[in-house]
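First comes the structure, then the notes that go with it.
The values are calculated or read from the model by the stated rules, or taken from the named source; none is laboratory data. All figures in this text were calculated on a predicted structure; none of them were measured in a lab. Backbone-built Cβ (ideal geometry, glycine too); neighbour counts: all protein chains shown. Just so you know, the surface numbers come from the protein's heavy atoms only, side chains and all, with ligands and any DNA or RNA stripped out. Shrake-Rupley method; radii C 1.70, N 1.55, O 1.52, S 1.80 Å.
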Amino acid sequence: MKICPALAWLAAFPILSPAASASDVPASPPPATAPAAAPAAPGSEKKTELEMRMDRMGKAFRKLKKQVGDPAQNATSLELLSAMEAAAKEAIELTPAKAEDIPEDQRAKFEADFQSGIKNLQDMFAKLRDALTAGRNDDAAKLVDDIGAFEKKEHKEYRRPEKD
Ligand code: HEM
């Protein structure tokens, strides 16, 4: 049987047929990495080591503020205080994130000042422990107020300002 020359020519070049062209085009390669600039959901950023200790201190302090005046709860108040003392002991070994924003020649002083701030906090905790142990709840309540005011003041100094 005689093959039509035009058909023979087409058969010799399968690349020109529509079926071949679809399968021969390489698929675009997958991106090598996930997009670097994917925005993180608000509040989902990883916490710093110091934030984790501060969080612990914050949770215990919130409960302590509510019950510090009640002598019947002194045993649990002392437990809450123990949790805060343990967190402060770890916090004093850490460096605030804000240190990175401080000029290098002032950074050592910033870190030393932060440590003495935590040391002052520990001294206030010790006084609070004495007051609770002695059942002096009015004194304990006053110390909790003082600690709250100190926390505010020190946060202005050592926490990184919030980003918009
Ligand atoms: C009872 C007293 C205190 C409480 C309850 C407390 C609580 C907290 C809380 C809840 C945070 C936010 C943590 C987060 O974002 O997840 C925080 C952050 C922070 N606090 Fe305190 N705080 C206290 C005292 C202090 C003191 C005295 C200092 C400094 C001498 C300090 C320095 C900081 C710093 C630097 C951060 C930011 C963490 C970082 O830079 O990584 N805090 N604190």
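The requirement of being at pLDDT below 50 and in a helix (DSSP H, G or I) is fulfilled nowhere in segment 48-68; no residue meets it. Restricting 93, 111 to residues that are modelled with pLDDT of 95 or more, farther than 21 Å from residue 145 by Cβ, out of contact with any Lys or Arg (no Cβ under 8 Å at 6 or more places or on another chain) and open to solvent by 90 Å² or more (accessible area, probe 1.4 Å) narrows the list to 93. Does residue 129 meet the test of being away from the ligand (no atom under 13 Å from the Cβ), part of a helix (DSSP H, G or I), in contact (Cβ under 8 Å) with a residue 12 or more places away in the chain and of a type in the set (D, E, K, R)? When the stated conditions are applied, residue 129 passes them. When 141, 134 are checked against the criterion of being open to solvent by 60 Å² or more (accessible area, probe 1.4 Å), aliphatic (A, V, I, L, M) and over 26 Å from residue 162 (Cβ atoms), a single residue qualifies: 134. Residues in segment 95-118 that are of a type outside the set (D, E, K, R) and in contact with a Phe, Trp or Tyr (Cβ under 9 Å, 6 or more places away or on another chain): 95, 96, 99, 102, 110, 114, 117. For segment 144-164, what are the residues that are part of a helix (DSSP H, G or I), without any contact (Cβ under 8 Å) to a residue 60 or more places away in the chain and loosely packed, with under 14 Cβ neighbours inside 10 Å? Result: 145, 146, 149, 152, 153, 155, 156, 157. Annotation note: Cβ proximity below 7 Å between a residue of segment 52-78 that is closer than 21 Å to residue 134 by Cβ and a residue that is open to solvent by 30 Å² or more (accessible area, probe 1.4 Å) and in a loop (DSSP other than H, G, I, E, B) (sequence gap 6+ or interchain) occurs for 71/135; 74/135.
The number of residues in segment 81-124 being of a type in the set (D, E, K, R), near the ligand (Cβ under 9 Å from one of its atoms) and over 18 Å from the mean Cα position of the chain (by Cα) comes to 2.
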